[in-house]
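Trainee: Here you go, one structure.
Taken together, the values in this text are just the output of simple stated rules run on the coordinates, not laboratory data. In this text, all values refer to a predicted model and were calculated from it rather than measured experimentally. Here the Cβ is made from the backbone with ideal geometry for all residues, glycine too, and neighbour counts use every protein chain on show.
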Amino acid sequence: MVPAWNKLSDPLSARLKNRARARRFYLNGPGAVQRYAMFTRISVLVCALLLAGSCKYFGKHWNYEKTDEWEGACAVGRMQSPVDIQRTVRAPLDPLRLDYNEAPLVVKNNGHTLQVDAAGAGGMNVGDTRFQLLQYHLHARSEHTIKGMSADMELHLVHKDSAGNLAVIGVMLKKGAANSLMKAILENAPRDKGEKKATALANPLDLLPADRSYYTYPGSLTTPDCSEGLKWIVLKQPVEISESQIAQFKTFYGNNARPVQALNNRIVLESD
Ligand SMILES: [Zn+2]
């Protein structure tokens with residue numbers, strides 16, 4: 001005598017057998033190759049969509065046409081850069097002691113600017129703090145403005161101290177005589193994203209003014225993620241580069257300047 005539960009299970013096992021047969025037919029029967037191809041295409045599409053979504057989520061895609069859509073600290077930070085340097089307070093600030101030296105010129109086109117990687121090119125001392133130069137790069141027009149006036153371009157020299165604090169020197173670049181270091185950067189800049197090593201050595205001092213008096217205020221990176229806690233040092237004296245050098249840079253990046261941000265309750269100090 002067959003137990004009642006076994007009778008009940010018979011139609012179930014038959015259904016399972018049918019399903020397994022159908023599955024074998026689906027995987028191996030006529031049209032299976034086309035089905036595999038379709039499955040692969042759909043999988044690739046879904047993966048691409050997921051990747052695009054995560055890139056957008058992490059804010060890797062940004063541009064200068066839509067700076068008001070930059071997220072995170074860029075949108076809600078209260079100590080953002082650049083700023084218009086309008087009212088200042090004179091103070092006995094530490095002199096900048098720059099000791100940059102010659103290093104191999106490595107120019108990188110990072111998709112947002114031309115950047116020179118400058119590890120090994122020295123650094124600066126501000127008071128008792130030692131800052132190592134990491135890289136320098138260019139913006140057109142200038143990002144900082146002084147009493148509402150922008151310069152043709154701005155050079156940023158990014159430094160870091162041993163505790164990880166960043167200090168950036170901003171140098172206003174204006175139309176005038178050609179500059180030899182700017183010439184070397186432009187001649188060695190790759191058109192496409194990537195980097196290019198020149199045979200020549202370069203010294204960042206060649207793009208700095210003789211007068212090292214400066215403005216300083218606490219600010220942020222001027223590109224996403226716009227993280228704050230940066231010491232900004234904007235030199236008062238501009239450096240000349242030629243009109244054709246400005247035009248040449250603009251064939252790479254014609255507009256890579258973030259608009260000025262609210263100063264809020266920050267004070268800009270000015271050295272004597
Ligand atoms: Zn910059």
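Trainee: With the range 68-141 as the region, which strands (runs of 3 or more DSSP E) entirely inside it contain at least 1 residues that are under 24 Å from the mean Cα position of the chain (by Cα) and either buried (at least 21 other Cβ atoms within 10 Å of the Cβ) or among the aliphatic types (A, V, I, L, M) (or both)?
Mentor: Details: elements: 88-90, 96-98, 103-109, 114-117, 123-126, 129-140.
In the range 68-141, the matching strands (runs of 3 or more DSSP E) lie at 103-109, 114-117, 123-126, 129-140.
Trainee: Six or more apart or on different chains, Cβ atoms under 7 Å: show the pairs whose first residue is in the range 109-131 and under 15 Å from Arg191 (Cβ atoms) and whose second is away from the ligand (no atom under 14 Å from the Cβ) and in a strand (DSSP E or B).
Mentor: Here the result reads Asn109/Gly194; Leu114/Val107, each pair linking the range 109-131 to a residue that is away from the ligand (no atom under 14 Å from the Cβ) and in a strand (DSSP E or B).
Trainee: Among residues belonging to the range 128-156 that are among the charged types (D, E, K, R) and away from the ligand (no atom under 14 Å from the Cβ), point out the one that is nearest to Lys236 (Cα to Cα). Spell out the reasoning first.
Mentor: We begin by selecting, within the range 128-156, every residue among the charged types (D, E, K, R); these are 128, 130, 141, 143, 147, 152, 154.
Now restrict to residues that are away from the ligand (no atom under 14 Å from the Cβ): 128, 130, 147, 152.
Values: Asp128: 23, Arg130: 22, Lys147: 12, Asp152: 15 Å.
Across the range 128-156, the extreme among qualifying residues is Lys147.
Trainee: Would you mind telling me which numbered condition in (1) more than 21 Å from Asn101 (Cα to Cα); (2) charged (D, E, K, R); (3) more than 16 Å from the ligand (Cβ to nearest atom) Lys196 fails?
Mentor: (1)
Trainee: Still on this model: Filter the range 142-159 for residues that are part of a strand (DSSP E or B) and crowded, with 17+ Cβ neighbours inside 10 Å and give the result.
Mentor: Filtering the range 142-159 down to residues part of a strand (DSSP E or B) leaves 145-146, 149, 153-159.
The answer is Thr145, Ile146, Met153, Glu154, Leu155, His156, Leu157, Val158, His159.
Trainee: Answer yes or no as to whether Lys183 is basic (Lys, Arg), surrounded by 13 or more Cβ atoms within 10 Å (Cβ to Cβ) and part of a strand (DSSP E or B).
Mentor: Numbers: basic (Lys, Arg): yes; surrounded by 13 or more Cβ atoms within 10 Å (Cβ to Cβ): yes; part of a strand (DSSP E or B): no.
In short, no.
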